[in-house]
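Worksheet: the structure to be examined is printed underneath.
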Amino acid sequence: MARSTYYYWVNAFGREDKYTEIKSLIKEIFHTHKGRYGYRRITLELRNRGARINHKTVLRLMNELGLKSLVRMKKYRSYKGNIGKIAPNILARDFKAAKSNEKWVTDVTEFHLAGEKLYLSAI
């Protein structure tokens with residue numbers, strides 16, 4: 001090991017952390033807003049409180065502290081896209097049947113569960 005590397009590590013471990021006050025502010029802001037603030041909003045909040053700090057530094061410190069913000073679910077936007085074959089309306093909303101098994105109808109419902117799509121088809 002080079003002498004310069006050895007002394008670099010000795011000096012680096014001997015120094016006290018210059019971001020201790022900023023880290024405590026980041027934790028306070030993060031927990032005040034229930035984990036909803038990411039590094040961008042926390043940076044703006046720190047600047048409003050008078051701290052001069054870069055957003056990349058806030059991101060690095062949040063990663064060191066293990067703080068991850070909650071990501072909002074994307075808003076639903078319907079998009080028809082390419083419409084496939086449309087079945088003809090044979091029943092014409094006449095759902096009464098004279099005997100059993102004469103008319104069968106179904107519907108498909110899409111749920112979003114744990115970030116995935118779940119389909120329910122009731123017959």
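The values are calculated or read from the model by the stated rules, or taken from the named source; none is laboratory data. These numbers come from a predicted model, not from an experiment. Note that each Cβ is placed from the backbone with ideal geometry, even for glycine, and that neighbours are counted across all protein chains shown.
Are any residues in region 17-33 touching a residue at least 12 places away in the same chain (Cβ under 8 Å) and not aromatic (F, W, Y), and if so, which ones? I'd like the intermediate steps shown before the answer.
Just the residues of region 17-33 that are touching a residue at least 12 places away in the same chain (Cβ under 8 Å), to begin with: 19, 22-23, 25-27, 29-30.
Matches in region 17-33: I22, K23, L25, I26, K27, I29.
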| field | Selected residue (only one of R41, R72, R36 is among the charged types (D, E, K, R), assigned to a helix (DSSP H, G or I) and on the phi < 0 side of the Ramachandran plot) | value | R41
| query | over 30 Å from I123 (Cα atoms), part of a loop (DSSP other than H, G, I, E, B) and modelled with pLDDT under 95 - does that describe any residue in region 83-95? | reply | no
| Just checking, which of L44, L120 is of a type outside the set (G, A, S) and within 30 Å of K18 (Cα to Cα)? | L44
| Is it fair to say G84 is at positive phi and either touching an Asp or Glu at 6+ places or on another chain (Cβ under 9 Å) or among the small types (G, A, S) (or both)? | no
| message | Looking at region 44-57 only, could you name the residues that are of a type outside the set (D, E, K, R), loosely packed, with under 13 Cβ neighbours inside 10 Å and in a loop (DSSP other than H, G, I, E, B)? | response | G50, N54
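Can you find a residue in region 80-97 that is under 27 Å from the mean Cα position of the chain (by Cα) and either loosely packed, with under 10 Cβ neighbours inside 10 Å or of a type in the set (F, W, Y) (or both)?
Applying the first criterion (under 27 Å from the mean Cα position of the chain (by Cα)) to region 80-97 yields 80-81.
Subsequent filtering for residues that are either loosely packed, with under 10 Cβ neighbours inside 10 Å or of a type in the set (F, W, Y) (or both) retains 80-81.
Yes - at least one qualifying residue is present in region 80-97.
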| query | For region 4-26, what are the residues that are surrounded by 15 or more Cβ atoms within 10 Å (Cβ to Cβ) and part of a helix (DSSP H, G or I)? | reply | I22, K23, L25, I26
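Go through region 25-56 and give me each residue that's more than 24 Å from the chain's Cα centre (by Cα) and of a type outside the set (D, E, K, R). Break it down into steps so the answer makes sense when it comes.
Kept after step one, since they are more than 24 Å from the chain's Cα centre (by Cα), are these residues of region 25-56: 47-53.
Across region 25-56, the qualifying residues are N48, G50, A51, I53.
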| said: Where the second residue is modelled with pLDDT under 85 and exposed (fewer than 10 other Cβ atoms within 10 Å of the Cβ) and the first is over 22 Å from N89 (Cβ atoms) and of a type in the set (G, A, S) and lies in region 103-116, which pairs have Cβ atoms under 9 Å and are six or more apart or on separate chains? | reply: G115/M73
